[in-house]
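Data block below; observations after.
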Amino acid sequence: MRKLLIVEDSATVRAFVKSALEDAAFQERVGDCEISEATCGFDAMRVLPRVRYDLIVTDINMKDINGLELIHFIRRSEHHREVPLVIISSQGAVRDIDRGLALGASAYLPKPFTPELLRDTCARLLEPTPA
């Protein structure tokens, strides 16, 4: 079973992302997923040492530890260094996207985005890479 983590301080957006990733067709495509939620960067940093995730979806603008700090932490972690990471953010300027990708995000989706775009992006990142 794949383990996914959603890090988002907005309950509405968190529910939207979770619902999109719970979609039966998505789970059939990538395999069964167990989806965990963190309401902020601090919550994510508490669970990351205890669980190995296959994919992390994070917002940038959060009140305690922002998404960019979280990405920096994840990319320095021996256990999560290679985990695909998707940024979802209301900051959609080219410089914001470039900064997120430079820090190690695998993909950047400016809000608003469609459930289909989120599912396609996540499925692409969860597909095994050719040897």
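Rule-based calculations on the coordinates, nothing more; no lab input. Note that the structure is predicted; figures quoted are calculated from it, not measured. Every residue, glycine among them, receives a Cβ derived from its backbone with ideal geometry; neighbour counts consider all protein chains shown.
Give me 16, 73 ranked fewest to most by other Cβ atoms within 10 Å of their Cβ, as a rough exposure proxy.
Details: 16 19, 73 15.
By the 10 Å Cβ count, ascending: 73, 16.
Counting other C-beta atoms within 10 Å, which of 35, 60 has the fewest, and how do the rest follow?
Fewest to most other Cβ atoms nearby, the residues stand as 35, 60.
Could you tell me which trypsin sites (Lys or Arg not before Pro) in the stretch 49-131 are loop residues by DSSP with no more than 10 other beta carbons within 10 angstrom of their beta carbon?
For trypsin sites (Lys or Arg not before Pro) across the stretch 49-131 that sit outside H, G, I, E and B with at most 10 neighbouring Cβ atoms in 10 Å, the list reads 50, 52, 63, 81.
Using Cα pairs closer than 8 Å and at least 6 residues apart in sequence, work out the relative contact order for the chain, in percent.
25 percent
With each pseudo-label sitting 7 Å past Cα toward Cβ, what's the residue 3-residue 52 distance in nm, one decimal?
0.9 nm
Please compute the length gained on full extension between residue 42 and residue 11, using 0.36 nm multiplied by the number of residues separating them and subtracting their Cα-Cα distance. Numbers along the way, then the final one.
Values: separation 31, 0.36 × 31 = 11.16 nm, distance 1.57 nm.
That works out to 9.6 nm of additional length.
Any idea how far apart residue 114 and residue 29 come out in nm if each label point goes 7 Å out from Cα toward Cβ?
Result for the modelled spin labels: 1.2 nm.
Only counting other Cβ atoms within 10 Å, I'd like 39, 58, 121 sorted with the fewest neighbours first.
Numbers: 39 16, 58 25, 121 20.
By the 10 Å Cβ count, ascending, the order reads 39, 121, 58.
Please work out which option in (1) 1.06; (2) 0.99; (3) 0.92 gives Rg/Rh (Cα atoms, Kirkwood Rh) calculated from these coordinates, and answer with its label.
Here the calculated entry is (3).
Find me the longest stretch of the chain that has none of the exposed GluC sites (Glu not before Pro), where exposed means in a DSSP loop (not H, G, I, E or B) with at most 13 other Cβ atoms within 10 Å.
Longest run free of exposed loop sites: 23-77.
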